[in-house]
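The values are calculated or read from the model by the stated rules, or taken from the named source; none is laboratory data. As the structure is a prediction and not an experimental result, all values here were calculated from the model. Here the Cβ is made from the backbone with ideal geometry for all residues, glycine too, and neighbour counts use every protein chain on show. Protein only, heavy atoms only, side chains kept; ligands, DNA and RNA dropped before computing areas. Shrake-Rupley method; radii C 1.70, N 1.55, O 1.52, S 1.80 Å.
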Amino acid sequence: MLALLLLTALNFLNYIDRYILPAVQPLVKKEFGVSDSALGTVAMLFVVFYMCSAPGIGYLADRKSRKLIITIGALVWSAATHFSRR
């Protein structure tokens, strides 16, 4: 049951992480003075990275320890979030 709750929480945060950029784009544009084109490029690169990394991670999940892959993914995600703070 605990594993299900942890995975549900990670999935919820992952969902929020993917959809927060469109919600804050006007604020990012104002704060950093970037163009719509630059914001579109950032959003596109984010989606392309997701699209390209998913098959590789899926392949690993079929052949290696899923617990280890989930743990590494959560740690990398947490580190990226931590170091992106101002």
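Before moving on, here are some points about what is shown:
- Answer label, with Cα Rg over 2.2 N^0.38 Å calculated from the coordinates and candidates [x] 1.30; [y] 1.36; [z] 1.21: [x]
- Each of Leu21 and Ala80 was given a label point 7 Å from its Cα along the Cα-to-Cβ line. The distance between the two points is 1.0 nm.
- Per residue, the chain exposes an accessible area of 85 Å² to a 1.4 Å probe, with every protein chain left in place.
- Computed over protein heavy atoms with a 1.4 Å probe, the carbon and sulfur contribution to the accessible area of the chain reaches 72%.
- nm² value of the averaged projected area, convex hull over the Cα atoms of region 40-82: 3.2
- Estimated FRET transfer efficiency when R0 is 25 angstrom, pair Ala38-Thr71 (beta carbons, to 0.05): 0.15
- A cut-off under 12 angstrom between Cβ atoms defines the neighbours of Leu39, and their net charge, with Lys, Arg +1 and Asp, Glu -1, is 0.
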